[in-house]
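Reading through the structure tokens given below for one structure.
What follows is calculated from the coordinates using simple rules that are stated; it is not laboratory data. Quick caveat: nothing in here was measured; it's all calculated off a predicted structure. Virtual Cβ from ideal backbone geometry, glycine too; neighbours counted across all protein chains shown.
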Amino acid sequence: MISSIDTSILLDVLLPDPAHMPSSKALLDRASSEGALAICEVVYAELTCQFNAPRDLDAFLDATGIRLTPSGRESLQAAGEAWKAYLSRRDGRLQCSSCDRLASDFIIGAHALTYADRLLTRDTEFYRTYFPGLRLND
């Protein structure tokens, strides 16, 4: 079982967030006991600002067994298609002048759908809507 991890889950534990840390830590511990943990480039980039140096982030990933799995064309195309669907639902136009979501959210979902068996996230409603075949948190 490969579990992809959304940034919010890791930040809950790293910062730590008192409201979400216990449940996020429990998700990570269970997923780690069931198999591999992975992140995509977007999550890596979003975590970077929490560390003093890239080597510190890499050491954290090594210590926790989380691997960085690069996105390929297939997952990036799926992310683009899901983002296009989102933009179309918002107002019928493919514009993003005041988007609540960025392409990065869609890259995380499509990456998990392509390279993992599930996504660990707090944003289950969003990912269920735009990635209905993606298994979440269970």
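Worth pointing out:
- The magnitude of the dipole of the chain, with charges of +1 and -1 set on the Cβ of Lys/Arg and Asp/Glu and taken from the Cα centre, is near 380 debye.
- Top of 24, 104, 88 by mean-square fluctuation, Gaussian network on the chain, Cα under 10 Å: 88
- Between helix 21-34 and the chain: long-axis angle, C-alpha atoms, 0 to 90°, nearest 10: 80
- Protection proxy ranking, highest mean first, for peptides 30-39, 105-114: 105-114, 30-39, where packing is the per-residue count of other beta-carbon atoms within 10 Å, averaged.
- Net charge of the neighbourhood of residue 115, taken over other residues with C-beta under 12 Å away and scored Lys/Arg +1, Asp/Glu -1, is -1.
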